[in-house]
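Remarks on the structure that follows.
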Amino acid sequence: MKKSIKIKIQILILISLMLVSTGFRCKCVTPAQKELLQPIELTWWGVFEDQADLNEIINDYKIIHPNISITYRKLREEEFETELLEALAEDRGPDIFSIHNTWVEKYISKIEPLPDKTTMAYEITQKSLGVKQETIIEVRDNVSITPTQLKNTFIDVIASDVVKNNKIYGLPLSMDTLVLFYNRDLLNNAGIPLPPTSWQAVQESVKQLTFQDQSGNLIQSGVALGRGKNIENSPDILSLLMMQNGAEMTVGKAVAFGAIPPDFPDKNYNPGPEAIRFYTDFASPTKEVYTWNEKFPNSIDAFAAGQVAMMFGYNHHIPYLEAKRQGKLNYGIAKIPQIEGRPEINFANYWVNTVSKKSKNQNAAWDFIQFATKKTEAKKYLEKTSRPTALRSLIEEQLANDALNIFADQLLTATSWYKGNNSKAAKEALIEMIESINEGSDVKEAIEISSLKIQQTIQ
């Protein structure tokens with residue numbers, strides 16, 4: 001009898017040890033576990049993704065967390081900010097929202113930064129003592145990516161944009177860079193076998209690709225450069241030219257592209273203004289490279305219509321061109337031109353996903369964003385959308401992809417610059433500067449006015 005009791009006690013002790021060793025694994029559900037298993041409805045607002053682009057990631061997450069549902073809403077880019085700000089102000093905003101990489105400072109007071117960890121409950125079905133199946137609850141503390149790990153995982157420019165005061169304010173699914181789009185037929189007709197790889201070569205190509213009628217009106221442009229309003233992303237193109245030429249866009253929180261950088265080797269050459277002159281020359285009738293004016297439609301529409309041989313754009317412009325061309329536009333994509341003898345510099349343009357400070361589900365929202373931006377999940381999204389990666393570990397794969405290798409080849413040298421709390425106002429100031437120079441304003445004076453306007457957004 002005593003032996004039987006002793007055996008039963010040993011069995012009970014063994015079972016107890018097994019339960020303890022699994023850490024929170026038990027048939028019973030504690031109040032804390034019950035709270036984590038409550039149904040959660042996450043809302044996500046974005047601009048460029050369609051629901052179909054995200055379904056696989058969302059479904060993968062729901063398999064792990066069946067109590068969490070994620071509803072995605074796509075808004076038009078031109079209405080996104082207004083709608084988002086109104087919704088956040090009225091406490092009806094989304095849990096997760098996408099913002100442009102240049103908007104982080106503007107939205108920082110509305111964002112809940114990535115926590116050190118997310119605590120999530122998992123329902124696990126397993127056999128009990130090798131016979132009966134039972135569902136157990138396991139609570140895990142998922143340690144979040146750190147700023148240092150982010151630098152090693154994502155492309156360099158991302159850390160400089162999303163890390164503020166050693167806190168992470170967003171994570172991207174992809175990253176875009178400016179590239180050169182060219183009309184193969186127009187280059188072939190001009191006897192140009194390959195698109196230009198340097199800005200000097202762009203100047204030479206333009207002379208062969210620009211045509212005027214007997215009245216001096218431009219009827220074909222060699223490249224969409226020189227103006228501000230009717231050239232898509234003109235502030236990005238001009239910013240890239242200045243940075244490639246050695247200008248410092250900002251020093252600390254001071255606008256500096258109009259000044260010679262302290263460490264610039266030639267104290268008699270100001271790289272910022274010279275890059276601006278180079279850009280605006282393409283819209284000056286007195287210059288040999290004159291090829292663009294205010295009478296052209298938007299550069300993308302002009303390119304799609306075969307009116308311009310070369311333009312600069314992003315990966316996200318490809319669907320628009322494909323829809324516009326209807327099989328008639330024979331175009332190619334090449335790397336953005338560089339300045340010979342200088343280090344390669346490219347221009348980054350991307351969106352990050354972040355969590356609202358007003359969200360009641362911040363824990364789950366950040367857990368989902370980290371899940372979605374991991375290699376295995378991000379890869380599914382990238383393959384579906386044909387977009388360039390933001391992850392270092394996927395660059396090699398995209399270099400072997402004919403549709404993405406141009407973009408992938410530019411990712412590691414991509415950069416951006418700090419435009420303050422209102423990047424839209426900063427871009428408008430650059431466009432106004434370009435237009436004023438086109439109308440005859442002094443370059444130095446135009447730069448001073450533009451710099452003052454941008455400085456106001458930074459302060």
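Coordinate-derived values only; no laboratory data. Computed from a predicted model, the values in this text were never measured in an experiment. As a convention, Cβ positions derive from the backbone with ideal geometry for all residues, glycine included, and neighbour counts pool all protein chains shown.
Give the longest segment of the chain that steers clear of GluC sites (Glu not before Pro) in DSSP loops with at most 14 neighbouring Cβ atoms within 10 Å, not counting the sites themselves.
Counting at most 14 other Cβ atoms within 10 Å as exposed, the longest clean stretch of the chain is 91-287.
Rounded, prolate or oblate: which fits the stretch 354-459, taking a ≥ b ≥ c as square roots of the Cα gyration tensor eigenvalues, rounded meaning a/c under 1.5, else prolate when a/b beats b/c?
Oblate is the answer for the stretch 354-459, as a/c is 1.5 or above yet b/c matches or exceeds a/b.
May I ask for the net charge around Lys453, where only other residues with Cβ less than 14 Å from the Cβ of Lys453 are counted and Lys, Arg are +1 while Asp, Glu are -1?
That works out to -2.
Which aspartates and glutamates have a Cα less than 15 Å from the Cα of Lys358, not counting those fewer than 8 places away in the same chain?
Straight-distance partners of Lys358: Glu41, Glu86, Glu90, Asp91, Asp95, Glu112.
Take each uninterrupted DSSP H stretch in the chain, measure its Cα extent along the helix axis, and return the ones at 24 Å or beyond whose mean Kyte-Doolittle hydropathy is at least 1.0.
Counting only whole DSSP H runs, the qualifying helices are 2-21.
Find, among the trypsin sites (Lys or Arg not before Pro) in the stretch 286-352, those assigned to loop by DSSP (not H, G, I, E, B) with at most 11 other beta-carbon atoms within 10 angstrom.
Lys295, Lys328
Which chymotrypsin sites (Phe, Trp or Tyr not before Pro) from the stretch 242-299 combine a DSSP loop assignment with at most 13 other Cβ atoms within 10 Å?
Qualifying residues, ordered by number: Tyr269.
Taking amide H positions as placed 1.01 Å from N in the peptide plane, with prolines and chain starts having none, which residues 5 or more places from Gln338, or on another chain, fall under 5 Å of its amide H?
Sorted by chain and number, the residues that satisfy this are Ser198, Trp199.
Could you sort out which of Lys229/Lys444; Lys117/Lys427; Lys62/Lys374; Lys164/Lys444; Lys106/Lys453 sit more than 25 Å apart by Cα distance in this structure?
Lys117/Lys427; Lys164/Lys444
What do you get for Rg/Rh of the stretch 259-365 when both radii come from the Cα atoms and Rh is the Kirkwood radius?
Answer for the stretch 259-365: 1.11.
Would you mind listing how long the chain runs along its three principal axes, going by Cα atoms, in whole Å with the largest first?
Computed over the chain, the largest-to-smallest principal extents equal 115, 48, 43 Å.
Roughly what % of Cα-Cα distances in the stretch 55-183 sit above 19 Å, to the whole percent?
66 percent
Go through the stretch 141-191 and name the chymotrypsin sites (Phe, Trp or Tyr not before Pro) that are in a DSSP coil and have 16 or fewer other Cβ atoms within 10 Å of their Cβ.
Of the chymotrypsin sites (Phe, Trp or Tyr not before Pro), not one in the loops of the stretch 141-191 has a Cβ with at most 16 other Cβ atoms within 10 Å.
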